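Here the structure comes first, spelled out in structure tokens, and everything after it is commentary.
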Amino acid sequence: MEEKKINTIYLLGAGRSGTTMLATILNNHPNIFTIGEMHQFLDYVLEDKDCSCGSKLSQCTFWATILNSLDLSVLQNKNNVELSNSSEKHHLIPFYLLGKNIPPTYRKIIDMVFSTIQKKVDKPWILDSSKYISRYLLLRKNKKLNLKGIYLVRDVRGVINSFGKKVQTPKKPLSAILYYTLINLSAQWVCWWDKRVIKIKYEDFVNQPEQTLQILEKHLFNSSNNVTNLKNETFNIPHIIAGNRLRSQKKLVIKKDMKWKENIGRTHQILYYFLTFPLMILNKYKP
């Protein structure tokens, strides 16, 4: 009898592109359970960090149940934590694209964690919003996963403006541009090469969330359920690992952030555009 695969959706793309918001909205779907940025899960377990609900993982009403069913001697082993973190480094993206194998211990940890979560939740698909391209490439090598991806891209100037805020690993414009280019070129290549991945734009999502989610519905489940009035809804933040500052708000609404048009001078807007012009033109952004 063939073993049932673990249905997994993965969000990939650059940080500050709206993945926390998208993951929260998708958690409202009857088939999707959002678990957060799972590339940080072992660090959270090792240090017993806070879930988005504000409780330590060991005391969280959701994650405590998961932890009680896992072999913590494996997850809290510092060598395994280091192996997991080092296996997902950005510089390994080309090697995974060229066929580098998944480390056996890494595979064992993913199998254990994801299978346990899927057994505990009441929805058929779990959503990992880690964003890391290297992690996606590792997950797709795992034959126990039924994997689909969503690549979220945003105008570089919105990303630069968000990184300019003095919260959560801020970056200066040049550093943000280099990061943005590396991640989005890699994600775009994966999107071209792997038909399990669909690309959507942040701006399309916040302007037309209903239409965007219908596109995702078709890609993920090959169905066409109607979605209405999302802009008028308030969404609860699920029990997620990591995520940006939105996680502390407990609730969110779909809100368009275009403050870069006010905060970045026109000369710099054009400069940043042309420094990333292949991606900006490819994604049909205007100067």
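Mind jotting down the distance between the C-alpha centroids of the range 15-51 and the range 66-81, whole Å?
Taking the Cα centre of the range 15-51 as reference, the centre of the range 66-81 is 19 Å away.
Kindly state, as a whole number, the per residue volume in cubic angstrom of the convex hull around the alpha carbon atoms of the range 3-74. Can you show the working numbers first?
Working: hull volume 9.7 nm³, N = 72.
In the range 3-74, the Cα hull volume divided by residue count equals 135 Å³.
Compute the separation of the alpha-carbon centres of the range 224-280 and the range 108-133 and state it in Å as a whole number.
25 Å
Estimate the FRET efficiency between Ile281 and Ser73 by the formula 1/(1 + (r/R0)^6), using the beta-carbon distance for r and 45 Å for R0, to the nearest 0.05. Before the final figure, lay out each step's value.
Values: r = 51 Å, r/R0 = 1.13.
The formula returns an efficiency of 0.30 here.
How large is Rg over Rh for the range 107-230, taking Rg from the Cα atoms and Rh as the Kirkwood inverse mean of 1/r across Cα pairs?
On the way: Rg = 16.5 Å, Rh = 16.6 Å.
Answer for the range 107-230: 0.99.
Which of His239, His219, His268 has the fewest other C-beta atoms within 10 Å, and how do the rest follow up to the most?
Numbers: His239 21, His219 17, His268 14.
Least crowded to most crowded, the residues run His268, His219, His239.
For the chain, give me the percentage of DSSP beta bridges that are antiparallel, rounded to the nearest 5 percent.
Working: 3 of 24 bridges.
Expressed as a percentage, antiparallel bridges in the chain total about 10.
Pop the C-beta distance of Ser223 and Lys256 into the FRET formula with R0 = 22 Å and round what comes out to the nearest 0.05. Show your work: numbers first, answer last.
Details: r = 27 Å, r/R0 = 1.24.
Efficiency, from the Cβ-Cβ distance: 0.20.
For the range 6-256, just the Cα atoms, rotate onto the principal axes and tell me the three extents in Å, largest first.
Per principal axis, max minus min of the Cα coordinates gives 46, 40, 38 Å.
Just so you know, all these numbers are worked out from the coordinates, no wet-lab data involved. Just so you know, these numbers come straight off a predicted model, no measurement behind them. Cβ coordinates were reconstructed from backbone atoms using ideal geometry, including for glycine residues, and neighbour counts include every protein chain displayed.
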